[in-house]
Structures are given as structure tokens and as C-alpha cells.
Amino acid sequence: VPASKRRLYLWCLSFLKPYRWHVAAFIACGLVVSAVQLAIPRAIQTLIDEIIPSRPFDLFAWLLTGIAAALVVMFLAEAASNLMERTVREYASRDLTLAVFNQLRRLGFSYFERTAVGETLSLFHNEIPAVEGIYDRYFPQMVQRLSLLAVSAVLMLSTSPRLSLLVVPFALGYYVMGPRFERKAGLLAQDVNESRSAFTKK
């Protein structure tokens with residue numbers, strides 16, 4: 001990644017810094033949700049393979065109670081995750097818009113005399129919504145996928161380390177090739193925004 005783009009990414013992510021505790025809570029809730037989602041099938045497997053054939057009814061009741069409690073925890077964590085995500089997204093988007101607006105005010109009238117109105121409006125119509133997409137889509141998706149990957153890796157290693165090693169090349173291939181396709185899609189979206197901005201200037 002070029003240094004200029006790296007600085008741009010860091011600048012976009014800097015608007016998340018004031019809400020780092022919300023981000024940490026969002027990540028923690030994501031880990032809880034992923035852990036419960038992957039643990040429940042394991043618990044059902046234990047119920048079918050071990051508890052039902054031997055018929056220890058006390059363990060059967062405890063396992064069902066544990067599954068129900070885990071589901072309650074998962075729903076609460078998911079609700080908290082959605083709340084944290086919405087809070088971070090709205091406040092970071094607000095701070096971004098205010099930062100751009102205040103920067104335009106500091107530039108003075110000379111900037112607006114040199115710059116077409118359409119180019120300034122495109123900042124609010126194209127560029128700012130594109131950056132907000134980081135807070136709205138890409139960052140939550142990255143957290144969810146990494147949480148699911150981390151919990152899955154732990155469960156797979158505890159179940160079968162040898163089988164887990166067979167999955168590693170495919171997982172690495174996905175995470176190596178995936179960003180390339182996303183980068184190409186981002187370049188195409190950038191071309192569309194530039195064409196739209198040029199059309200607005202006319």
C-alpha cells in the first residue's frame with residue numbers, strides 16, 4: 001500500500017479513536033456472539049452422541065439450561081454489538097463531516113474563488129459517503145470475520161490440530177486474494193466518483 005494511501009486510511013480511522021471503548025465493546029460482543037454460535041452445535045453434538053444414549057437426565061437438563069443461557073447471552077451481546085456499532089458509526093460520521101466543513105471554512109474565500117462549486121459539493125456527495133462506508137460496512141465486517149476466524153481456529157485446534165493445518169492454506173488464500181478483488185472494486189468506485197464529480201462541475 002502506498003504511503004499516501006496508508007496515511008489516508010489512518011486519517012479515516014482516526015475518527016474512531018475518541019470512541020475506542022465503544023469499539024472495544026463492539027469487538028468483545030462480536031467474540032461472544034461468535035463463540036456462542038460455534039459452541040451451540042458442539043453442545044448439540046454432545047447431547048446426541050453422549051447424553052441421550054446413556055440417558056443421564058440430570059446432565060440432559062443441565063445441558064439444555066446451558067444452551068438456553070448461552071442463547072440469552074448471545075442475543076444480549078448481539079443487541080449490545082448493534083448499539084455499539086451504530087454509536088461508533090453515527091458519531092464518527094458526524095465528526096468527519098464537521099472536520100471537512102471546518103476545514104473548508106478555514107480555507108477562506110480564495111479557495112472558493114479558485115474551485116468550482118461542484119467540486120466542493122462532491123466532497124459531501126461522494127467522498128464523505130465513501131469514507132463513511134468504512135464505518136458502516138468494512139469495519140464491522142472485518143471485526144465480525146476476524147472474531148469468527150479466531151473462535152473457529154480455537155475450536156478447530158482443540159478438535160483436530162491436523163485437520164486445522166489442512167484448512168490453513170485455503171484460509172490464507174482467501175484472505176490474500178480477497179483484498180485484491182476489493183482493491184479493484186475500490187478503484188472502479190473511485191473512477192465512478194471522479195466521473196460524477198466532473199459531471200457536477202459542468
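The values are calculated or read from the model by the stated rules, or taken from the named source; none is laboratory data. Everything quoted here is computed from the prediction, not taken from an experiment. A quick note on method: Cβ atoms are made from the backbone with ideal geometry, for glycine too, and the neighbour counts reach across all protein chains shown. Just the protein is used for accessible areas: all its heavy atoms, side chains included, with ligands, DNA and RNA removed. Shrake-Rupley method; radii C 1.70, N 1.55, O 1.52, S 1.80 Å.
Brief remarks on what is shown
- Criterion (charged (D, E, K, R) and at pLDDT 85 or above) met by exactly one of Arg89, Arg42, Arg7, Arg55: Arg89
- Against the test of being in contact with a Leu (Cβ under 9 Å, 6 or more places away or on another chain), of a type in the set (Gly, Ala, Ser) and modelled with pLDDT of 80 or more, the options Ala35, Ala24 yield a single qualifying residue, Ala35.
- Leading residue by the ranking (most open to solvent (accessible area, probe 1.4 Å)) among those in the range 16-59 that are over 26 Å from Thr159 (Cβ atoms) and in contact with a helix residue (DSSP H, G or I) (Cβ under 8 Å, 6 or more places away or on another chain): Pro18
- Of the helices (runs of 4 or more DSSP H) lying entirely inside the range 106-202, the ones with 1 or more residues being at pLDDT below 75 and under 23 Å from the mean Cα position of the chain (by Cα) are found at 161-201.
- Filter result for Ser34 (part of a helix (DSSP H, G or I) and either more than 22 Å from Arg137 (Cβ to Cβ) or touching an Asp or Glu at 6+ places or on another chain (Cβ under 7 Å) (or both)): no
- Scanning the range 94-123 for residues that are open to solvent by less than 70 Å² (accessible area, probe 1.4 Å), closer than 23 Å to Tyr135 by Cα and among the aliphatic types (A, V, I, L, M) gives Leu96, Ala99, Val100, Leu104, Leu123.
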